[in-house]
Structures are given as C-alpha cells and as structure tokens.
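Visitor: Dropping a structure here in structure tokens format, bear with me for questions.
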Amino acid sequence: MVKPEHQVEKYAFLRLYDQDFEMALHTIKVLKRYRKSDVRFPLLRDIVVSYCRPFTESRGIGIKKDFLDNRFPDEEMEELHEELLKLRKQLFAHTDLSYKQPKISNWSTEQKKWFPVSFKGFDYQALDSKLPKIQRLIQCTQSNLREKIAEYENHF
C-alpha cells in the first residue's frame, strides 16, 4: 500500500504507465502500414520496450522505486508478458551475454591477429507473428491499469 503522502506521486506513475501503453499501441498502428522488415523490426523493438517500461524499476521523489504489478487473466498472456520482459531486459535494453551467447574464435596467423565473433540471432519474424497477441496483452494490461487509475481518482 502506498503511504498517504505519496498517493499523488503513485497516481502520476500510473498515468505515465498508461502513456507507455498508449505509445506501444500507437506504434502497432504505425507498424500495420509497413511490410518491409527494415522498418518493421525496429518498430517491434519499440513496442516491446514501451510495453515493458512500466514493469521495470522507475525512480520517484517520495517513492524511491516504483513499477507496475499486474495480474494476467490466463497463462498464455502471462507467458507472453514474461517473454517480452526477457527480450527487453536481455536483448533490447541491455547486452546480456547469456542471451547473445557469443562465440569467439581465434583465426590469427603470424601476419595478423584475427578474432571473429558469432552471436545467437533473434527471430523478429516470430515476434512479428505474435503481434495480434501482443496487442491484446497491451490492451488487457492497460484496462487493468485504468481500473487502478480510477480507484485513485475516486479517492481524490
């Protein structure tokens, strides 16, 4: 429970989280206009990052650390949520070795040092195929959030 003196700040966080979901939904609308992967893939990444932002630690003034806690109506939505969080944390927002699994080779010769690196790739097309489910997840999560926002507004 949020301390009474931090109610307004918590409300502000909730409204910012709603804005993050709106940004993700807006990007989905933009994405639907494009077919080329060089445009679709960065937009998919933006959707994931925008959706996940409320679930990562944010700093406040009175509230030192805040993030959105959410319940999902079914296991499939929860699994998709966890998959998107993992992508955001390990690939899109950070460079985790555990995700990319780099393999370094030594192809050096006497004339030249040479150390090529290979990385685990990411299947953006598989993520793209989940877009309708991602959209439903965002809408459901936003609906839950808006119920929380309404509770705060009823107390003001």
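The values are calculated or read from the model by the stated rules, or taken from the named source; none is laboratory data. Just so it is clear, the structure is predicted and the values come from calculations on it, not from any experiment. Every residue, glycine as well, gets a Cβ built from its backbone with ideal geometry; the counts of neighbours run over all protein chains shown.
Visitor: When the range 37-95 is examined, which residues are found to be charged (D, E, K, R) and within 27 Å of Glu5 (Cα to Cα)?
Guide: Arg53, Glu57, Arg59, Lys64, Lys65, Asp66, Asp69, Arg71 - these are the residues of the range 37-95 that are charged (D, E, K, R) and within 27 Å of Glu5 (Cα to Cα).
Visitor: List the pairs whose first member sits in the range 1-27 and is over 14 Å from Asn144 (Cα atoms), whose second member is of a type in the set (S, T, N, Q) and not in a helix (DSSP H, G or I), and whose Cβ atoms are under 7 Å apart, counting only residues at least 6 apart or on separate chains?
Guide: Hits for this filter: Phe13/Ser58.
Visitor: Continuing with the same structure: So which residues in the range 87-104 are within 25 Å of Phe21 (Cα to Cα) and surrounded by 14 or more Cβ atoms within 10 Å (Cβ to Cβ), if there are any at all?
Guide: Result: Leu87, Arg88, Lys89, Gln90, Leu91, Phe92, Ala93.
Visitor: If I filter the range 67-86 for residues that are surrounded by fewer than 17 Cβ atoms within 10 Å (Cβ to Cβ), in contact with a Ser or Thr (Cβ under 7 Å, 6 or more places away or on another chain) and without any contact (Cβ under 8 Å) to a residue 40 or more places away in the chain, do I get at least one hit?
Guide: yes
Visitor: May I pose another question? Residue by residue through the range 50-64, note down the ones that are touching a Lys or Arg at 6+ places or on another chain (Cβ under 6 Å) and closer than 18 Å to Pro132 by Cα.
Guide: Matches in the range 50-64: Cys52 only.
Visitor: Sticking with this structure for a sec: In the list Ser50, Ser58, which residue meets the criterion of being under 20 Å from Lys89 (Cα atoms) and at pLDDT below 95?
Guide: It is Ser58.
Visitor: Pairs please, first residue from the range 87-114 and free of Cβ contacts under 8 Å to residues at least 24 places away in the same chain, second anywhere and hydroxyl-bearing (Ser, Thr, Tyr) and not in a loop (DSSP other than H, G, I, E, B), Cβ atoms under 8 Å, 6+ apart in sequence or on different chains.
Guide: That search, which allows pairs on different chains as well, returns Gln90/Ser98; Gln90/Tyr99; Pro102/Ser118; Lys103/Ser118; Ser105/Ser118.
Visitor: More than 20 Å from Leu25 (Cα to Cα), in contact with a Lys or Arg (Cβ under 9 Å, 6 or more places away or on another chain), surrounded by 10 or more Cβ atoms within 10 Å (Cβ to Cβ) and not aliphatic (A, V, I, L, M): is that true of Tyr124 in this structure?
Guide: On the way: more than 20 Å from Leu25 (Cα to Cα): no; in contact with a Lys or Arg (Cβ under 9 Å, 6 or more places away or on another chain): yes; surrounded by 10 or more Cβ atoms within 10 Å (Cβ to Cβ): yes; not aliphatic (A, V, I, L, M): yes.
Considered against the rule, which asks whether it is more than 20 Å from Leu25 (Cα to Cα), in contact with a Lys or Arg (Cβ under 9 Å, 6 or more places away or on another chain), surrounded by 10 or more Cβ atoms within 10 Å (Cβ to Cβ) and not aliphatic (A, V, I, L, M), Tyr124 comes out as no.
Visitor: Additional query: Against the definition (buried (at least 16 other Cβ atoms within 10 Å of the Cβ), modelled with pLDDT of 95 or more and touching a strand residue (DSSP E or B) at 6+ places or on another chain (Cβ under 7 Å)), how does Phe21 come out, yes or no?
Guide: The answer is no for Phe21.
Visitor: Which residues, taken from the range 1-57, are basic (Lys, Arg), farther than 20 Å from Leu84 by Cβ and part of a helix (DSSP H, G or I)?
Guide: Within the range 1-57, Lys10, Arg15 meet the criteria.
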